[in-house]
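Here is the structure we will look at, set down as C-alpha cells.
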Amino acid sequence: MKSFEYGDREIGTTEVVYGVSNMVIGFGVLTLPRSLAAMTESSDGWISLMIGGGAALVFGWLIALLCARFPKMGLSDMTKAVANGAVANVVAMLFACYTFLFVGYETRGLANISKLYLFDRTPEEAICLFFLLVLAYGVAGPSAALLRLNLIFLPLVLIIVFLVLTMNITFFNMHNLKPLFVTDWQDTLKATKGTVFSFLGFEIFLFYNAWANRPKAMKKAILGGLAIPLFIYLIVFVFVIGIFGSEVTKNTLYPTAELAKQVEIPGGFFERFESIFFTIWVVTLFNTAAMAFDVTIIALRTLFPKPKRMTWVIWLCPLIYLVSMQPQSVTEIDTFGEWISYAGLAIGWCLPAVLLGVAKMRRIKGNEQAS
Amino acid sequence: MSESASDDKRGESYVFPDMQENIGHIRRMLGDPADLVIRIISIGGGERSCALAFLSGLSDKAVIDEQIVRQILKAGRFGQEDTGMDISEVLGGLRNETMSVSQVLEVNLWSDVIKAVLYGDTAMFLEGADDVLLIGTQNWKERSIDEPPTEALVRGPREGFTEKIETNIGLIRRGIRDMNLRFVSYTIGRRSRKTLILTYIQGIIHPAIVEEARRRLDTIDIDDAPESGFIEQWIEDSFLSPFPQLLHTERPDKVRAALLQGKAAVMLEGTPFALILPTTFVALIQSPEDYYERWLIGSLIRLLRYLAVIIALFAPAIYIALVSFHQGMIPFKLAFSIAAAREGVPFPAIIEAMVMEGTLELLREAGVRLPKPIGQTIGIVGGLVIGEAAVQAGVVSPIMVIIVAVTAISSFAIPSYSAGIAFRMLRFATMLAAGILGLFGIILTFIMISTHLVRLRSFGMPYSAPFAPMFITDWRDLVIRSPVTFLTKRPEFIQTKNINRANKRGKRS
Amino acid sequence: MSKLLRGLVAAASLILAAGCWDRVEIEDRGFVVGSAIDEGKDGAYELTFQYIVPSAMQGKSAGGGHPSAQSFQNVSSTAATLFKAARKMSNETSRPPYLEHNKIIIVSERLARAGKIQEVLDLFVRDPEMRRAAKLMISVGQAKKLLEIKPPIETLPVQYINSTSENPQKSESIVPATTMGHVHRFLLEEHSFAIPRITQTDSKVSLSGAAVFGSDKKMKGFLDGEETTGKNYFSGTIKAGAVEVEIEGKPLLFEVKRASRTLYANVSDPESPAFTVNVRIEGNVGETYSHVDLLDPQVIRMIENRVSDKIREIMYVVLEKLQKEYKADAIGLSDYLNENHYRVWKKIAADWDRGDHLFSKCKVDVKVHTRLRIIGAIERVQPEGE
C-alpha cells in the first residue's frame, strides 16, 4: 500500500508552486495598485514592485534553503534541531498567532469587498459567518487536499485576471504610463514597503515542508511560485495605470475591481463583469485563508498534540469570527492588515533567515536519508 | 436409516455407498422440491444401476437426455456385476468413457453435491460407490447479447453484458486475448452464493489496487447481493459523498478500455452491470464514443459535456442569483423583458425555481416507472404542465421554463446516469445557496464541492486526478481528446506498471 | 463531520427563516435608465430619473399587451443633496430606484456653469451601484426636458440618446462619449476637458457640439458642431468625417477615412512653449459635382491642399476660441507636456490655464497633410468633355 498511496500526506512540487502563488495572491492584486499609485508618481510604482518582489525572492530563497537543509521537517522541528524545544514552542506559538490573525484579517477583508460589490444590505457579520462555515469544512480535511485545491483554483483566478485585462485592452492608453522615472528614490523605497507586504504568506510552507516529497526541489518551487504573483502584480499595475491613469487609481478603493467594472462584454450575456470577477476572487481568498488556518492548526498541534484536528477547527472558528469583527471601518482593517504584515515580516521572513544563519554556523543539518 | 457418515456433526458429511439412502438424503436436504428430478437407470440394461439427480429448471434437459442417460444405457460393459472391475473402476470408467460431457467431477462431500445441484449440475449416484459424479449440465435461459439500453452509442460495438457471468467473462476475453488477463472469483452472499469476478490485467495494473480491492471484497458479508449496486456501496470509500466512486457500465468495451488503462473491474452474477474501479470525476464525463469518433469531434463532444455539467449544476442557481440579487448583471433589454415576464408571478425566484425543478424531477421519476404505453401520457401532461399551462396561469415566468428545460437536457447529457443524479441533487443545494446569498452563495457551494472532490478518493486514488494532483501528461486525454496517435501512454495517475500503450506513429521498435 | 453538517443545516434554515437581506425580485426593482440633474430652488438639486415600465415595453414587442401605455415614466424630486432626492423618490414611487442600468446622466448647463459638476457627480462615482460606463452629457437648457421627448425610432428617449451618442464613428462633430470613468479622471486631474453637448429641437436631439470645462471645473462655454470637429482633430479623436471643399466653384466632399495627430513641443522657453501639431489625414472622394479629372495627379494634389487648408482653418478657429475666449486647454496640450516634459510641466502647471494663463499665450502651429487614396468606384457620372 505504501508506494501506492499517492501522497495523501505528501506534497508534490507542483502543489508547492501553486500553493505559494495562491497564498501570495490575495488582496494584494486588489489594493496594491492604489497604494503604489498613491506613493509614487505616474507609473513608477513598478520599480517599487520589482524591489519588493526581489526582496521576496531573496527571502523565498532563504526559506527554501532552510527547507532543503531540513527535509521532512516542519518549522518546529527545525527550530528544535537548531536551538531547543522551548524556543521551538515559542516559535510555533508565534506562528500560530500570526496565521490565526491572518485568517481573521482575510475573512474580514473578504466580507468587506463582497459587501461593497455584491451586497447592499446583507450585514458583514453574516457574510463572515457563511465564509467561516465553508472555511471550517475546507480545513476539516487533510492538508494535502487543501494544497491540491490550489491546482484547481489558481488557474481559475489567472484566467479571470487575464480575461479582465484582455477585455480592457481597448481602453489601454500608453500615454497614461508616461512620464517614466520621475519619482524620487525615497518615495520609491517607501512604496516598496507595501509591495513587500503583498508578497507575504508563502512562509507557511516552512510547516508544509514536513510533507514535501522532494525537499531538494523546494527552492525551484518557491521561487517559481513567487514569480507568478510578481508577474501578475506587475501586469495588473501597468494595466491599471495605463487605463485609469495615476490620479484615478490613487482615488479608487479597489482599482482592479474597478477595471472589471468597466468591462462590457459585447453582446454578452452578462453585464457588470466585476461581480463575476469578484465572485471568482472569493475562491483565491478562500484558499489563502484555508491554508493559513491549516497552518495555525498544524502549529498548535505541535504544541498540544492531544486534541483532534476537528476540535481545533470547532474551537478556533468562533475566535476567528470574533477577531474578524473587531475592525470597525476600512481604515481600521487596513491598520490591522499592516500590523499583521509587520508580524509576518518578523516571524515569517526574518526569523527563518536567522535560523538558517545559526544552522549554518553550527553546521546543523536535518536528516539526510529523508531526502 | 443409518447415519454412518453424516452424524459427524462438526465436520463434513460424506456420501453413502447406498444409492437409495443417498436419494432419500438429497430429498430431505432440499425439502423434496417439485423441481428435483431423480432418475434411476440400470447401466447398459444390466444389474448395476445408478441414479441421476438434478433440478429441472436449472439443468439442460437435452444434454442430460442425449449425453448422459443415453450413454449410460449403452454402456453395457459397466452394467454387469461379474466383470471383475471394482466399483471405483466402474465409476471411473463411466466418467472417462461414457459421459460425453466436458465437465465431470468426482466428489464425496454432501456439501459439494448440494451446492452443485443448486447450481444446476447433475449428480450421479452409483450403487455402492463412495463417490458421486457431478456432471456439468448447468443451463440457464439466458438473454441474448443485446445492445445495452442504458448506454446506447451511435458508433461502437452493439454488445452488452448479460446476467450470466460466464458470458460476461467471455465478452471481456473476446476483446483482450492476453494471457495476463486475470479473473479472481469470489462467492458473495451467505445464502445466494453468487459468483463475483474481479478482473484486471496483471502487469498493467498497480498491484496495490488489486490488493486493496481484494481486501475490501473480502469484507463483504451479506446474505444476498441482488445487484452490483450492493457491492458498490459495500466497497466504496465514502458513503457520504453524492458522487459515485465506482463507475457502473453495461458495455464490455468500456470495461476492456478500463482494464487496459490499468483499472480493475468487478462483475457479479445476475446483473449486467459491471463496476470499474478506481474511478475519477473525469471518467464520469467521458464516453467510449469520444474515442470512436475522430478526435476533433470527440473533443468537441467532450467539451460540450463539461458545459453540460456546469449548466446542470449552476444554471438555475445563476438564474436565481441574477433575478433576485444582481439584476445589474443582466443586460439592459433582457432585464426588462424578464421583469415584464415576472410581473404577474406571485413567488420569488427561488420558490419558482424549486417548484419547477421539483416538478421536473417528479416527471422524470414517473416516466421511468410507468409502462411504455402510458409513459407517453406523462410526456404530454408534463409538457403541458411545465410549459404552456404554468406560464399561462402566471405561476412561473417563461424564462424559468427555458432554464428548467436546459438544465434537464444538460443533466441527461452526462453519460453516467448516477453522476447525472448526483449533479441534479447538488443543483438543489446551489439553488438554495443562491437564494440566500446570491452569487456569493453559488461560489461558496462551488468551493465546497471542489473541496469535497479533491478530498474524495476512490480505492486510494485521488478522485480529482489528473486535475489535482496534476498529471500533465494525462491532460491530452482530458478536456481535449488528442488524436489516437498521440495517446501513446497509459494514464499516469493510475501509476500503471506498464506505461506505453502504443508507439509513436510510424515508428516501430 | 456530521456535527458540522448539522450545524450548517441549522444555520442555513435560520438564515432562510430570517429572510435574505438583499433579495429583491427583479419585478420589484424600479429600473432607472437615465437621469437628469437640474438646478432647483435655493441651490437645491432637482433630480429626474427615467424609470422603465417593463410591462409596457414587453407589450410593444409582443404586439399585444397595452400598446397605448407609455414604456417609461419620469419622476422628479428636489432636495439639497442628490442622495436625499433619490431617497425622497423612494417614498413617492412604488419601486425604489435601481441605478445599475443607468446609461445616461444629463447635467444642465446652469449647474455646469456654476461649477457644481463635482458635487453633482460625486454620488455617481462613489456608489458602487453605478457604472463607470454611464455617459455624461451637458444639456443646453433644462436637462429633464430631454428625458421627455418622443423619440422617432426607439421606444425610450434614453435609448435614443444613448445610440446617437455612439455615432462618432460616422460623425466628426460629436466628441467621443464621455463615461463616468473618464469624468472621474477629469475631476481628479487638474486640466480642462470637453463633454458632449446635447440640444433639443422639437422631438429630436442633437449631440453635435461640446461643453468645455476649465481646470477650475467650471463650464466655460459650448463649442458648436464645426468647432467640435476642430477640437477632435486636435485631440486625435476623429474616427470618420467629411470635409467640404470647393473645386472650380462646385462642391467636392472629401470623406476622412483615417486621421492621426502627432504633437511636438519646444520647451526651450518654459514660459511660452511652442507646439507643432501634425495632422495626417487619409480619405477618399465621397461625392463631387465638379467635372475635374480625378485621375490627374495635379488635380489630386489640388484637392489634397484644399482639404488641408480647410481643416487647418477649422482647427485655428477652435484654437482661437479656446485660447482667448474660454482659456481652457481642452485639446490635450497639457497632457503632452506632463508626459514628455515632466519637469518643465511641474514648473508651469499652476499657471497653465489658470493664473498666468500660459495656454492662452503659447504658440501652436498646425500642419495638415492630406492623402487622397481612392476617388470612389467611378471616375465621373457625366460624359467626358461636357
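Would a scan of the stretch B:144-151 turn up a residue that is in a loop (DSSP other than H, G, I, E, B), of a type in the set (D, E, K, R) and surrounded by 18 or more Cβ atoms within 10 Å (Cβ to Cβ)?
No, the stretch B:144-151 contains no residue that is in a loop (DSSP other than H, G, I, E, B), of a type in the set (D, E, K, R) and surrounded by 18 or more Cβ atoms within 10 Å (Cβ to Cβ).
Can you go through B:T122, B:T162 and tell me which one is of a type outside the set (A, V, I, L, M, F, W, C), modelled with pLDDT of 90 or more and not assigned by TED's automatic domain parsing to the domain that holds B:R191?
Answer to the check: B:T122.
Tell me whether the stretch C:290-307 contains one or more residues that are modelled with pLDDT of 85 or more, within 27 Å of the chain's Cα centre (by Cα) and not charged (D, E, K, R).
Going through the stretch C:290-307, the residues modelled with pLDDT of 85 or more turn out to be C:297-307.
Applying the additional criterion that residues be within 27 Å of the chain's Cα centre (by Cα) yields C:307.
With not charged (D, E, K, R) added as a condition, the list becomes C:307.
So far as the stretch C:290-307 goes, yes, one or more of its residues are modelled with pLDDT of 85 or more, within 27 Å of the chain's Cα centre (by Cα) and not charged (D, E, K, R).
Which count do you get for residues in the stretch B:331-344 that are of a type outside the set (D, E, K, R), within 7 Å of another protein chain (Cβ to nearest Cβ) and not in a helix (DSSP H, G or I)?
1
Within the stretch A:117-129, can one find any residue that is outside any helix (DSSP H, G or I), out of contact with any Asp or Glu (no Cβ under 9 Å at 6 or more places or on another chain) and more than 8 Å from chain B (Cβ to nearest Cβ)?
Within the stretch A:117-129, one or more residues are outside any helix (DSSP H, G or I), out of contact with any Asp or Glu (no Cβ under 9 Å at 6 or more places or on another chain) and more than 8 Å from chain B (Cβ to nearest Cβ).
Give me the residue from the stretch C:183-195 that is closer than 21 Å to A:I243 by Cβ and in contact (Cβ under 8 Å) with a residue 40 or more places away in the chain and, out of that set, most open to solvent (accessible area, probe 1.4 Å).
Quick first cut of the stretch C:183-195, residues closer than 21 Å to A:I243 by Cβ only: C:183-191, C:193-195.
Adding the requirement that they be in contact (Cβ under 8 Å) with a residue 40 or more places away in the chain leaves C:183-184, C:187, C:190-191, C:193-195.
On the way: C:V183: 1, C:H184: 22, C:L187: 29, C:E190: 118, C:H191: 22, C:F193: 4, C:A194: 13, C:I195: 0 Å².
Taking the candidates together, the pick is C:E190.
Select from the stretch B:383-410 the residues that are surrounded by 17 or more Cβ atoms within 10 Å (Cβ to Cβ) and within 14 Å of chain A (Cβ to nearest Cβ) and list them in ascending order.
B:I399, B:I403 - these are the residues of the stretch B:383-410 that are surrounded by 17 or more Cβ atoms within 10 Å (Cβ to Cβ) and within 14 Å of chain A (Cβ to nearest Cβ).
Kindly list, by first and then second residue, each pair from a residue in the stretch B:43-60 that is at positive phi to a residue that is in a loop (DSSP other than H, G, I, E, B) and not polar (S, T, N, Q), limited to pairs with Cβ atoms under 7 Å and residues at least 6 apart or on different chains.
So the pair list comes out as B:G44/B:A75.
In the stretch B:198-247, which residues are under 16 Å from B:T279 (Cβ atoms), assigned to a helix (DSSP H, G or I) and open to solvent by 70 Å² or more (accessible area, probe 1.4 Å)?
B:Q233, B:W234
Looking at A:P327 and the list (1) of a type outside the set (S, T, N, Q); (2) modelled with pLDDT of 90 or more; (3) surrounded by 17 or more Cβ atoms within 10 Å (Cβ to Cβ), which single condition is not satisfied?
(2)
Could you tell me which of the residues B:A413, B:A315, B:A321, B:A349 is touching a Leu at 6+ places or on another chain (Cβ under 9 Å), within 13 Å of another protein chain (Cβ to nearest Cβ) and closer than 30 Å to B:L478 by Cβ? Steps first, please.
Details: B:A413 fails: within 13 Å of another protein chain (Cβ to nearest Cβ); B:A315 fails: touching a Leu at 6+ places or on another chain (Cβ under 9 Å); B:A349 fails: closer than 30 Å to B:L478 by Cβ.
Only one candidate passes the filter, namely B:A321.
Return a yes/no flag: does the stretch B:260-272 have any residue that is surrounded by fewer than 24 Cβ atoms within 10 Å (Cβ to Cβ), in the same structural domain as B:I165 (by TED's automatic domain parsing) and assigned to a helix (DSSP H, G or I).
Residues of the stretch B:260-272 that are surrounded by fewer than 24 Cβ atoms within 10 Å (Cβ to Cβ), as a first pass: B:260-261, B:269-271.
So of that shortlist, the ones also in the same structural domain as B:I165 (by TED's automatic domain parsing) come out as B:260-261, B:269-271.
Checking which are assigned to a helix (DSSP H, G or I) leaves us with B:260.
Looking through the stretch B:260-272, at least one residue is surrounded by fewer than 24 Cβ atoms within 10 Å (Cβ to Cβ), in the same structural domain as B:I165 (by TED's automatic domain parsing) and assigned to a helix (DSSP H, G or I).
Could we say that A:Y321 is under 22 Å from the mean Cα position of the chain (by Cα) and open to solvent by 70 Å² or more (accessible area, probe 1.4 Å) here?
So A:Y321 does not fit the description; no.
Mind counting the residues in the stretch C:356-381 that are modelled with pLDDT under 80 and open to solvent by less than 60 Å² (accessible area, probe 1.4 Å)?
Counting residues in the stretch C:356-381 that are modelled with pLDDT under 80 and open to solvent by less than 60 Å² (accessible area, probe 1.4 Å) gives 2.
From the residues in the stretch A:75-116 that are more than 14 Å from chain C (Cβ to nearest Cβ) and in contact with an Asp or Glu (Cβ under 8 Å, 6 or more places away or on another chain), which one is surrounded by the most Cβ atoms within 10 Å (Cβ to Cβ)?
A:R108
Suppose we filter A:A260, A:A191 for residues that are in contact with a Ser or Thr (Cβ under 6 Å, 6 or more places away or on another chain), surrounded by 22 or more Cβ atoms within 10 Å (Cβ to Cβ) and small (G, A, S); which single one remains?
That would be A:A191, the only listed residue that is in contact with a Ser or Thr (Cβ under 6 Å, 6 or more places away or on another chain), surrounded by 22 or more Cβ atoms within 10 Å (Cβ to Cβ) and small (G, A, S).
Considering each of B:P415, B:P469, B:P491 in turn, give the residue that is assigned to a loop (DSSP other than H, G, I, E, B), assigned by TED's automatic domain parsing to the domain that holds B:A353, surrounded by 15 or more Cβ atoms within 10 Å (Cβ to Cβ) and not polar (S, T, N, Q).
One residue alone meets the criteria, B:P415.
For C:A80, indicate whether it is touching a Phe, Trp or Tyr at 6+ places or on another chain (Cβ under 8 Å) and exposed (fewer than 15 other Cβ atoms within 10 Å of the Cβ).
Yes.
Looking only at the stretch C:126-179, count how many residues are among the basic types (K, R), open to solvent by 50 Å² or more (accessible area, probe 1.4 Å) and either under 18 Å from C:N74 (Cα atoms) or in a loop (DSSP other than H, G, I, E, B) (or both).
3
Of the residues in the stretch A:233-252, how many are facing chain C (nearest Cβ under 9 Å) and hydrophobic (A, V, I, L, M, F, W, C)?
Number satisfying all stated conditions: 3.
Of all residues in the stretch A:141-175 being assigned to a helix (DSSP H, G or I) and among the polar types (S, T, N, Q), which is farthest from the other protein chains (Cβ to nearest Cβ)?
The residue in question is A:T166.
Kindly establish whether C:V285 is open to solvent by less than 30 Å² (accessible area, probe 1.4 Å), assigned to a helix (DSSP H, G or I) and among the β-branched types (V, I, T).
no
Within the group B:I310, B:I330, B:I301, which residue is in contact with a helix residue (DSSP H, G or I) (Cβ under 9 Å, 6 or more places away or on another chain) and open to solvent by less than 60 Å² (accessible area, probe 1.4 Å)?
B:I330
The values are calculated or read from the model by the stated rules, or taken from the named source; none is laboratory data. The structure presented is a predicted model; accordingly, all values stated were derived computationally and were not measured. Heads up, the Cβs are rebuilt from the backbone with ideal geometry, glycines too, and the neighbour counts pull from every protein chain shown. Accessible surface is based on the protein model in full, side chains and every heavy atom, while ligands, DNA and RNA are left aside. Shrake-Rupley method; radii C 1.70, N 1.55, O 1.52, S 1.80 Å.
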